[in-house]
Every structure is written in C-alpha cells, then in structure tokens.
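Visitor: This is the structure I have questions about; it appears just below.
All of the numbers you see were taken from the coordinates with simple rules; none came from a lab. Please read all numbers here as calculations on a predicted model, not as lab measurements. Note: ideal-geometry Cβ built from the backbone for every residue, glycine included; neighbour counts use all protein chains shown.
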Amino acid sequence: MTTLGTLDELPREYVEGLTAHNLVPLWPSLRRALPQGTPHRRTKPIIWHYSDVRTRLLQAGDLTPIEKAERRVLVLANPGLGLENMQATASIYIGLQLILPRETAPNHRHTPSAVRFVVEGDGGFTIVDGEKLPMERGDLILTPALLWHEHCHEGSGPVIWLDVLDLPTVLAQEASYALEGAPQKIRNQPDQSQTHYRRAGLVPYQALQGIRAAYPLLRYPWKEVREALQSMASVTDRAEMVQLAYVNPQTGLECLPVLGISAIMLRPGEIAQPRRRSSSAVLHVVDGEVDAEIDAVTLSATASDTLAVPTHAMVKLTNKSSKKAAFLFQVDDAPMQRKLGFFEIFD
Ligand code: 1HN
C-alpha cells in the first residue's frame, strides 16, 4: 500500500488558498476515511448493570417531576463515542425510561423510529396511533417514525423499559425533529396482537387485497416469544443458535427500516459463537446469567443488564447455568446495512 502525501508536504500558501475557498484535499485523509481491511471503531464493548442504572433512575423519579422531563430517561452512552453523543453504538440509541403511577409522558411524534422493551413493572401502557398497547415485562412495543405515541401508567410501583431508537442515524442526517400533540383518542379494544395477528402464518384476508397498514403489528408479547424460543430449542441442534427475528407479519421483513430486533435463547450450559458480522448490536439479558466475550473483553451479565457490541466484533456468549436457559433481547443495525448494500457475515 502506497504512503500518501500529507498536508505538511504541501506549500503553506496553497493550503491557505484551499481553506479560503472551502476546499480540502482528499489524499491526506483518505486512509482515515477508508482504513484498510477493517473499519476504525470507537465503540467500546461495555456493560450497563441494571442495578447501577435502576437506583439512579428511581432517584431521577424523586428529583425530576415528569412535567420537567417529558421522558424520564437515563441514556446508556458508550464512553468510546463521547457520553454527550448518546450512542450505545454508532447507530443505536438506548435509554432506560421510568414512569411512575398516574404519570403520563405526553403525546408526540418524531422522525426517529423506536421500540420499547419492558424491563420491570405492571400497569404501564403506550398508545400508538390510537392503539392501547399494554406493557408487561419483556413485551416489545413499536413506535415507528412519525406515529403518535404517549405513555401512561395505571398500576402501582415503578414501570421501567428500554428505549431503542435509530436516533444517531437520523441525527447524522440532520433530520431529527418532533411535534407535540393533544392526547390521543384510544380505540377501546384489545391490541392487534390479541385480535388480528394471533399467530404466525395467519393475517387478515383483506391485507391480500392491498389494504394494509405499514406497521400492522405494534406489540409482540414476551410470553409468546419465550414459548416460541423454547419450542424451537427442543428440536435445534446444539451447534445452531436458537434465535427468532421480530418481523412485520404482512411483509415478513424487519419491523423497522434501520434497526433489527431478535430474541435469543441459550440452552443450559450453551456456548454460542455467532459468526462475526459487519453490524453493531446491543444485547439485553431478559433472564439468566451470561458471560459475553466481545473482542477481547469478557463481561458478566445478569437479568436486565445491557451490553454494547461494536461492528465487526467477535462475540462469544456463555450461559453460565447448567440447569436453566438464558434469554436475550438483541437489537442490531443489520437492516440499515443490508439496505446500504454492505452487510457482511464473515467466516
Ligand atoms: C422518545 O420519543 C421517547 O417517546 C423516549 O418515550 C426517548 C429519546 C430521544 C428522542 C425521542 C419516548 C427518546 C425519544
């Protein structure tokens, strides 16, 4: 590989003339823009322990009334990317949000897409596009770009969930903004996961005639995801991972344009070594004790802990229990990378 010319090698007056005309020579920066072989990664493999976050989130509940926060969130910020940039990985935003009984997080809509993954508590719900979506532990709720959403809490005790957004990508496009709205009118009926999309393989007949919403299913109850993982595990070779992707039931494609959502079951004692891939990810332990080796870093995770996986990382997941299964929730940016044409899985 040839060594390219540097800025210092150019006459000072020439460089000043370029600067004066808002021009920049590429060659001194070319190797930084295109490192050879693997990308330059600032994202650190790190873990956020739920016990550390939860304490401080409950303190925020005392310190900051919901009216002063709108969303009472502590952001899981990767130190390698600068805490102020609010990135768990370069393209994934993660926060932990607290709502207390009778509070509401007011109605709004915005350009970033989000999912919520419920970590703790009963009685919370999100209203998306007029649909009331109950939030039980492990449930996944979609709030796709530009759909109205607000959160409420009719139960007792704190409700805490993981917010997952494609915010870093939308911010990088200078396209992130929100609109506030009046509280939504709730359609007084069970959510569509209980009525129109009860099981895989069955969709409303009308959808075949082209009458379909862009986001037909907005809630994926954990109870069903967990059962589906267990059924799959019962017949899956130990050499293969037990992993299910959350998809749009009308298209069979990922739920959201940028972020991919999936759930993993690690059987008792299982060591999973997924192939190295170009995407970044966030892993969240739903249940169990898991050692995650990410590049050369080993992180020990237990229920409700969250981990950042950089792009191109080597990953090894170990279920530390020889008796109980472990369950993980995964978010990655593979859908965006696929659309951009560079998603890769390496040998
Ligand atoms: C948002 O709309 C929510 O609706 C939570 O609960 C976190 C972080 C950045 C931008 C929008 C919510 C958010 C957010």
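Visitor: Check cross-link reach from Lys132 to the lysines: straight Cα distance under 26 Å, and skip same-chain residues fewer than eight apart.
Guide: Those lysines meeting the cut-off are Lys68, Lys185, Lys223.
Visitor: For the chain, what number results from the quotient of the Cα radius of gyration and 2.2 N^0.38 Å?
Guide: 1.09
Visitor: Give the residues of the range 268-293 whose amide nitrogen is closer than 18 Å to a point set 7 Å from the Cα of Asp347 in the direction of its Cβ.
Guide: 274-278
Visitor: May I pose another question? Per 0.36 nm of contour for each residue apart, how much would the distance between Glu224 and Glu84 grow if the chain were fully extended, relative to their Cα-Cα spacing?
Guide: Fully extending the segment from Glu224 to Glu84 adds 46.7 nm.
Visitor: Could you work out the per residue convex hull volume over the alpha carbons of the range 2-142, in cubic angstrom?
Guide: Per-residue hull volume (Cα only) is 201 Å³.
Visitor: I'd like the trypsin sites (Lys or Arg not before Pro) in the range 155-242 restricted to DSSP loop residues with at most 16 other Cβ atoms within 10 Å, sorted by number.
Guide: Lys185, Arg187, Arg198, Arg199, Arg212, Arg238
Visitor: For the range 79-170, compute Rh as the Kirkwood radius over C-alpha pairs and then the Stokes-Einstein diffusion coefficient at 37 °C and 0.692 mPa s; write the answer in µm²/s, rounded to an integer.
Guide: 243
Visitor: A follow-up question, please. Straight-line reach only, C-alpha to C-alpha below 29 angstrom: list the lysines that Lys339 could link to, leaving out same-chain residues fewer than 8 apart.
Guide: Counting by Cα, and skipping residues close in sequence, Lys339 has these lysines nearby: Lys44, Lys316.
Visitor: I've got another one for you. Which order do Asp122, Asp287 fall in if you start with the one that has the fewest other Cβ atoms within 10 Å?
Guide: Asp122, Asp287
Visitor: Helix by helix, which DSSP H runs in the chain go 15 Å or more along their axis at the Cα atoms and have an average Kyte-Doolittle hydropathy of -1.0 or more?
Guide: Once both thresholds are applied, what remains is 50-63, 222-233.
Visitor: To continue, here is another question. Compute the distance in nm between two label points, each set 7 Å from the Cα along the Cα-to-Cβ direction, one at Leu244 and one at Asp8.
Guide: With each label placed 7 Å out from Cα toward Cβ, I get 5.9 nm.
Visitor: Determine, for Phe327, Phe343, the number of other Cβ atoms within 10 Å of each Cβ, and report the residues in order from fewest to most.
Guide: Phe343, Phe327
Visitor: Continuing with the same structure: At 20 °C and a viscosity of 1.002 mPa s, what translational diffusion coefficient does Stokes-Einstein give for the range 226-329, taking Rh as the Kirkwood radius over Cα pairs? Give it in µm²/s as a whole number.
Guide: Here the translational diffusion coefficient equals 151 µm²/s.
Visitor: When the Cα centres of the range 233-248 and the range 162-187 are compared, how far apart do they sit, in Å?
Guide: A separation of 32 Å, based on Cα centres.
Visitor: Quick one: which of 70-76, 90-96 comes out on top by average Cβ neighbours within 10 Å, and what's the full order, highest first?
Guide: Top to bottom by mean Cβ count within 10 Å: 90-96, 70-76.
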